[in-house]
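Trainee: Supplied in structure tokens, the structure appears directly below.
The values are calculated or read from the model by the stated rules, or taken from the named source; none is laboratory data. It should be emphasised that the depicted structure is a prediction, and the values quoted were computed from it without experimental measurement. FYI the Cβ positions are ideal-geometry reconstructions off the backbone, even for glycines, and counts take in every protein chain you see.
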Amino acid sequence: MAKTAYYPPEYRKKEFNCAHCKVFAHQTWISNLRGELVDVIALNSPNNPSEELSPPGLFAASKCAYCNKWSIWIEESLVYPVQIIVEDPNDDMPDEVKELYIESAQVLPTSPRAAAVLLRLGLQILLGAVGGGGKNINNNIKKIVESGVDRETQRALDILRVFGNSGAHPEEIKLDENPDLVYEMYELMNIVTDRLITRKNKIDELYDILPEKKKDYIKLRDSKNKNKNKNKEKL
Ligand SMILES: [Zn+2]
């Protein structure tokens, strides 16, 4: 699927991709929010310091022309809704992994380390779903590599493992100082899902279409190859 341009929400910009509906839409801005709570406090205050309670530029809100929802800004930063700035999870990701992926993306702006740890947990579940078996990610990867994956997938899995571990036990790689590395983990999660699940499903589906006779021939051919290799080993 072709990617369309994405313009993240930006303070005082007239148009951007809305943090609620993700549509590129016009935004109406108001600042100096004076909601009910502020007014009540202001009324009860002896000096009526409403200006102090709501100084210009402290609060602002933008309303999306497409979905009509408000986004809340404090000191020029978007605080609501929580922004998810990473790509969507691959559709073929198991649901439990998808949930962790989204949860991780939600905490990314405030804690890259926590985000990495959640992705690591997601990776562990993903590996379990594709035949990794045990709880130890390192052993899971070993098992999957033995069953045959390409070098890039193996490397992507190990990068995810090492970055994920750094979230839990920061040693050489300090994710707090390099949040960009955590950001890369989301793309890698999608890549490994694509390699380990999406492509496999696609090829299995097509393989099923082959006539039974052809499949029998392939089985026979491969068993002959195996025997040949065994004989070679004996020599
Ligand atoms: Zn919207």
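Trainee: Return yes or no: is ASN68 out of contact with any Cys (no Cβ under 9 Å at 6 or more places or on another chain), at positive phi, near the ligand (Cβ under 10 Å from one of its atoms) and modelled with pLDDT of 80 or more?
Mentor: Against the criterion (out of contact with any Cys (no Cβ under 9 Å at 6 or more places or on another chain), at positive phi, near the ligand (Cβ under 10 Å from one of its atoms) and modelled with pLDDT of 80 or more), ASN68 qualifies.
Trainee: Can you pull out the residues in segment 129-148 that are polar (S, T, N, Q), part of a loop (DSSP other than H, G, I, E, B) and over 23 Å from the mean Cα position of the chain (by Cα)?
Mentor: SER147 - this is the single residue of segment 129-148 that is polar (S, T, N, Q), part of a loop (DSSP other than H, G, I, E, B) and over 23 Å from the mean Cα position of the chain (by Cα).
Trainee: Return yes when SER104 is at pLDDT 65 or above and not in a helix (DSSP H, G or I) and no when it is not.
Mentor: It is false that SER104 is at pLDDT 65 or above and not in a helix (DSSP H, G or I).
Trainee: If you don't mind, another one. Which condition number does ILE203 fail, the rest of (1) crowded, with 16+ Cβ neighbours inside 10 Å; (2) β-branched (Val, Ile, Thr); (3) over 17 Å from ILE85 (Cα atoms) being met?
Mentor: (1)
Trainee: Next up: Out of all the residues in segment 66-90, which are charged (D, E, K, R) and in the same structural domain as CYS21 (by TED's automatic domain parsing)?
Mentor: LYS69, GLU75, GLU76
Trainee: Condition test on SER111, is it under 30 Å from LYS63 (Cβ atoms), in contact with a helix residue (DSSP H, G or I) (Cβ under 8 Å, 6 or more places away or on another chain), polar (S, T, N, Q) and at pLDDT below 95?
Mentor: So SER111 does not fit the description; no.
Trainee: Does GLY164 qualify as being touching a Lys or Arg at 6+ places or on another chain (Cβ under 6 Å) and either surrounded by fewer than 12 Cβ atoms within 10 Å (Cβ to Cβ) or small (Gly, Ala, Ser) (or both)?
Mentor: yes
Trainee: Restricting to segment 1-29, give me the number of residues that are more than 14 Å from the ligand (Cβ to nearest atom) and at pLDDT below 85.
Mentor: Looking only at that region, the number is 5.
Trainee: Same structure again: Being assigned to a helix (DSSP H, G or I), under 23 Å from ILE85 (Cβ atoms) and either modelled with pLDDT of 90 or more or within 19 Å of the chain's Cα centre (by Cα) (or both), is that true of even one residue in segment 151-159?
Mentor: Looking for residues that are assigned to a helix (DSSP H, G or I), under 23 Å from ILE85 (Cβ atoms) and either modelled with pLDDT of 90 or more or within 19 Å of the chain's Cα centre (by Cα) (or both), one finds at least one in segment 151-159, hence yes.
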